[in-house]
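Every read-out reported here was derived from the displayed coordinates using simple, explicitly stated rules and does not represent laboratory data. Here the structure is a predicted model, which means the values were calculated and not measured. Cβ: placed from backbone, ideal geometry, glycine included. Neighbour counts: every protein chain shown.
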Amino acid sequence: MLVDGEWRTDTREMTDDTGEFQRTTTSFRDAVRDDPGARFQPEAGRYHLYVARACPWAHGAAMVRRLMGLEDAISIDIVDPVRENDGWEFAPEKAGCTVDSILGADYLREVYVAADSDYTGRVTVPVLWDRQQETIVNNESIEIMRTLSRAFGDVGNGVDLYPEGHREAIDNVVKRYTTRSTTASTALASPTPRPLTRTPSPTVRRPRAVERPPRGPAVPRR
């Protein structure tokens with residue numbers, strides 16, 4: 001993670017002292033708004049998306065971009081799905097990965113430092129970047145999906161993924177999904193292996209002996 005703009009590998013990013021997964025609050029929480037006074041306004045060609053195919057949180061943002069037909073309006077770069085000690089890396093030599101077409105960075109952390117030279121926190125995907133302001137608009141997956149759906153309805157193919165009459169229901173589903181996903185990630189991120197428990201074999205019941213009535217006195221053979 002980054003500490004005051006410097007990359008550190010001696011900190012534990014994702015787990016607490018017990019090994020439990022901690023999905024920390026992201027730092028860049030602005031939104032694109034179709035409002036004359038908004039800092040970030042919807043414009044084709046202005047915004048850029050950074051994602052990793054290995055990250056489930058980034059998949060949602062990439063899917064919204066595709067479903068809404070925003071491929072020509074919002075460009076995208078894809079980092080290496082394998083994250084090593086140096087964090088998310090641009091590895092164009094790998095299939096499905098790209099260069100950083102905005103800053104020419106080698107690592108995604110450089111994008112964060114370009115937005116905030118004293119940034120302290122995790123370097124996560126997805127990231128929505130603004131070419132005009134040269135900064136990160138948002139790095140929270142659900143909020144990026146929401147801002148694309150709200151602000152770019154007239155830019156893409158007209159598909160509405162967040163209709164006004166269903167937003168409360170959608171938000172409730174998203175809340176349940178993220179809670180369950182975080183719970184599942186807790187088990188995957190735990191550094192302490194869980195003991196293998198054997199499932200007891202089912203008890204085989206033997207059929208009871210049938211009690212027969214006592215025989216009468218033997219009849220002698222002739």
_Amide proton proximity set for Thr135, modelled H, under 5 Å, gap of 5+_ = Asp130
*In what sequence do Asp77, Asp160 fall when counting other Cβ within 10 Å, fewest first?*
Asp160, Asp77
*Check Tyr107: other-chain or 5+ apart residues with amide H under 5 Å from its amide H, H built from backbone geometry?*
Phe90
*Positive-end extreme of charge dipole, region 2-157 - chosen from Phe152, Tyr50, Trp7 (charges on Cβ)*: Phe152
*Apply the Karplus parameterisation 6.51 cos²θ - 1.76 cosθ + 1.60, with θ equal to phi minus 60°, to every residue of region 128-145 and state each ³J(HN,Hα) to the nearest whole Hz, in sequence, with x for glycine and proline.*
9, 10, 9, 5, 5, 7, 6, 7, 7, 7, 7, 10, 10, 4, 5, 5, 5, 4
*When Lys and Arg each count +1 and Asp and Glu each count -1, what net charge do the other residues less than 10 Å away from Asp106, Cβ to Cβ, add up to?*
-3
*asked:* Spelling out what I want: for every residue of region 71-86, take phi, set θ = phi - 60°, compute 6.51 cos²θ - 1.76 cosθ + 1.60 (Karplus), and round to whole Hz; glycine and proline get x.
replied: 4, 7, 8, 10, 6, 8, 10, 10, 8, 4, x, 9, 9, 9, 5, 8
*Under a 5 Å amide H to amide H cut-off, with H placed in plane at 1.01 Å, what residues pair with Ile76 once short-range neighbours are removed?*
Leu49
*Output ³J(HN,Hα) for region 32-44: one whole-Hz value per residue in order, computed from phi by the Karplus curve 6.51 cos²θ - 1.76 cosθ + 1.60 with θ = phi - 60°, and x for Gly and Pro.*
7, 10, 7, 9, x, x, 6, 5, 10, 10, x, 9, 5
*So how do 122-132, 57-67, 164-174 stack up, highest first, on mean other-Cβ count within 10 Å?*
122-132, 57-67, 164-174
_Simple spin-label estimate for Trp7 and Leu161 in nanometres, 7 Å along Cα-Cβ_ = 3.0 nm
